[in-house]
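The values are calculated or read from the model by the stated rules, or taken from the named source; none is laboratory data. Note that the coordinates shown come from a computational prediction; the quantities given were computed from them, not determined experimentally. Positions of Cβ are generated from backbone atoms using ideal geometry, with glycine treated the same way; all protein chains shown enter the neighbour counts.
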Amino acid sequence: MATMMMPMPRPLCFHLSETVVSTRSTDKHQPPRSCTQKQPRFLSQTANSCKSNHSSSPPQSTTLDQARSLVDDFNPKIPIEQALTPPTSWYTDPTFFSLELDRVFYRGWQAVGYTDQVKEARDYFTGRLANVEYVVCRDDNGKLQAFHNVCRHHASVLASGCGKRSCFVCPYHSDSAMPIGSMRGATKGKVNKTGLPTLPTEARVVWFDPGWTYGLEGKLLKATRITGIQNFNVDEFGLLPLEVAIWGPFVLLNLERDTVPQQESQNLVGDQWLGSSMGVLNANGVDSSLNFVCRREYTIECNWKVFCDNYLDGGYHVPYAHKGLASGLTLESYSTTMYEKVSIQRCDVGQGETQEDFDRLGSKALYAFIYPNFMINRYGPWMDTNLVLPLGHRKCQVIFDYFVDASLTDDDAFIESSLKESEKVQMEDIVLCEAVQRGLESPAYCTGRYAPTVEKAMHHFHCLLHENLAS
Ligand code: FES
């Protein structure tokens, strides 16, 4: 749950005495899919009988073919009332994770940042999605650009962090072959706006060549000490482009398309990214009118999907795990609507315990999940986004960006208290997610069931994932 009031229910307290268990065992529509039929390595049969096949050590996947065989261990055609959740292998198998990177994260539009990060010419920010290092910038003409953030010489990551640059200078092979002492006075680690070391006045007379240098439009501008090189065409050694686009306040990348970016219109990108939910988000204040407040990052010891599942449980866990948050929500009003690759959960906000709660949450909260890993939470004067980055099969990073109505930008007390409430919810969710990951790795668990009235968005997510992985 990402927000100052995000829902996040994974049934941690699933009571096996409930009817769902007996329903599964007699379900003709759901022959204990894969678990019983394929017996994947470390998968067990059913929710009750995993022990014989389950290893206590991490799964030793070896091939992508094996990973592909795990995809059909979830059957998206089975209605949620009868369906089993994806098996533990989807959350614990390193090779399955590799398949996900290839099929899910390296395809289609992925949210990577917000427009204020590249508001003016020469603004840039960097990031990493799975194994892809990227840099997004505005060139001198104000055109949005994005590239693989990798030097074409020997592959060093080129730029880091964010800020302003007139060019990107590789930090690896600078030519500092100047007389010893001539650099005396250089301020180690400090660079000026162009990325060159900051030198005192007396040292600036010294000849100094930086590493390979690229313009903001990707061209290789300078390659030091390559005298004698043959068959080298400078035009062939620019930064490799990525397709970049903007929708509303968000910056998107498409890692699949490595041709020269076309910069499609916002509506076209919005249609591809959000489908028919675009109008709903527009109508509910998901736009560029809010001011960026701050970013917070959390590293969580769980598979990236555990965090997503938690977000998508229709508020199931909120009354138990987030009592403070629950007191401000009218949970009976919770509703979930599915669109092509988006699900939107809504909840009315009650009066809460204090006026401050009401000021912070407003009268309605909207939680949008954009497949595969981006969440937009809009409530009262706030919007926060949660970007879930996979770091490994049992580790992810979640980046929270907070935005507030312009009228409150200077209200430090309000902002501080709201962020404090949000932080509390995140800490509660991290505990839940890490506990689920450990449970998924336990021999006691193979697969679970859905609570059909509330976990529709989670089921939708798993079906989209299956479609994506099976394609
Ligand atoms: S790797 Fe960039 S200059 Fe050598």
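Among the numbered criteria (1) exposed (fewer than 11 other Cβ atoms within 10 Å of the Cβ); (2) away from the ligand (no atom under 16 Å from the Cβ); (3) modelled with pLDDT under 95, which single criterion is violated by residue 203?
For residue 203, the exception is condition (1).
If you go through the stretch 239-253 one residue at a time, do you hit one that is surrounded by 17 or more Cβ atoms within 10 Å (Cβ to Cβ), within 16 Å of the ligand (Cβ to nearest atom) and at pLDDT 95 or above? Spell out the reasoning first.
First pass over the stretch 239-253, keeping only residues surrounded by 17 or more Cβ atoms within 10 Å (Cβ to Cβ): 239, 241-253.
Right, trim to within 16 Å of the ligand (Cβ to nearest atom) and you get 239.
Then keep just the ones that are at pLDDT 95 or above; that gives 239.
Scanning the stretch 239-253, I find at least one residue that is surrounded by 17 or more Cβ atoms within 10 Å (Cβ to Cβ), within 16 Å of the ligand (Cβ to nearest atom) and at pLDDT 95 or above, so the answer is yes.
Name the residue that is farthest from residue 152 (Cα to Cα), counting only residues in the stretch 213-228 that are hydrophobic (A, V, I, L, M, F, W, C) and at pLDDT 95 or above.
Taking the stretch 213-228 as the starting set, the residues that turn out to be hydrophobic (A, V, I, L, M, F, W, C) are 216, 220-221, 223, 226.
Within this subset, residues satisfying the condition of being at pLDDT 95 or above are 216, 220-221.
On the way: 216: 15, 220: 9, 221: 12 Å.
Selected residue: 216.
Considering every residue within the stretch 267-282, establish whether at least one is within 16 Å of the ligand (Cβ to nearest atom), surrounded by fewer than 22 Cβ atoms within 10 Å (Cβ to Cβ) and charged (D, E, K, R). Before you say what the answer is, go through the steps one by one.
Narrowing the stretch 267-282 to residues within 16 Å of the ligand (Cβ to nearest atom): none.
There is no residue in the stretch 267-282 that is within 16 Å of the ligand (Cβ to nearest atom), surrounded by fewer than 22 Cβ atoms within 10 Å (Cβ to Cβ) and charged (D, E, K, R).
For the stretch 121-170, enumerate the residues that are touching a Lys or Arg at 6+ places or on another chain (Cβ under 7 Å) and on the phi > 0 side of the Ramachandran plot.
122 - this is the single residue of the stretch 121-170 that is touching a Lys or Arg at 6+ places or on another chain (Cβ under 7 Å) and on the phi > 0 side of the Ramachandran plot.
Look through the stretch 147-176, keep the residues that are among the basic types (Lys, Arg) and part of a loop (DSSP other than H, G, I, E, B), and return whichever of them is nearest to residue 128 (Cα to Cα). It would help to see each step written out before you state the result.
The initial filter retains those residues of the stretch 147-176 that are among the basic types (Lys, Arg), namely 152, 164-165.
Imposing the further condition that a residue be part of a loop (DSSP other than H, G, I, E, B) reduces the set to 152, 165.
Details: 152: 18, 165: 19 Å.
Filtering first and then ranking leaves 152.
Can you name the residue in the stretch 143-156 that is within 17 Å of residue 113 (Cα to Cα) and touching an Asp or Glu at 6+ places or on another chain (Cβ under 9 Å) and, of all such residues, is farthest from the ligand (Cβ to nearest atom)?
Ranking the qualifying residues of the stretch 143-156, first place goes to 143.
Listed residues 47, 67; which is part of a helix (DSSP H, G or I) and modelled with pLDDT under 95?
Values: 47 fails: part of a helix (DSSP H, G or I).
Just a single option satisfies the conditions, and that option is 67.
Restricting attention to the stretch 291-314, which residues are modelled with pLDDT of 95 or more and crowded, with 21+ Cβ neighbours inside 10 Å? Quick ask: steps written out before the conclusion?
Let us first name the residues in the stretch 291-314 that are modelled with pLDDT of 95 or more, namely 291-312.
Hits for the stretch 291-314 are 300, 302, 303, 304, 305, 306, 307, 308, 309, 310, 311, 312.
Could we say that residue 367 is in contact with a Pro (Cβ under 7 Å, 6 or more places away or on another chain), among the aromatic types (Phe, Trp, Tyr) and within 24 Å of residue 330 (Cβ to Cβ) here?
Details: in contact with a Pro (Cβ under 7 Å, 6 or more places away or on another chain): yes; among the aromatic types (Phe, Trp, Tyr): yes; within 24 Å of residue 330 (Cβ to Cβ): yes.
So residue 367 fits the description; yes.
Within the stretch 130-142, can you find the residues that are modelled with pLDDT of 95 or more and more than 16 Å from the ligand (Cβ to nearest atom)? First the steps, then the outcome.
Taking the stretch 130-142 and keeping what is modelled with pLDDT of 95 or more, we get 132-142.
Result: 132, 134, 136, 137, 138, 139, 140, 141, 142.
Restricting the first residue to the stretch 208-229 and requiring it to be under 14 Å from residue 166 (Cα atoms) and more than 12 Å from the ligand (Cβ to nearest atom), which pairs with a second residue that is among the acidic types (Asp, Glu) and part of a loop (DSSP other than H, G, I, E, B) meet a Cβ separation below 6 Å and a spacing of at least six or different chains?
Partner pairs satisfying both residue conditions: 216/139; 217/139.
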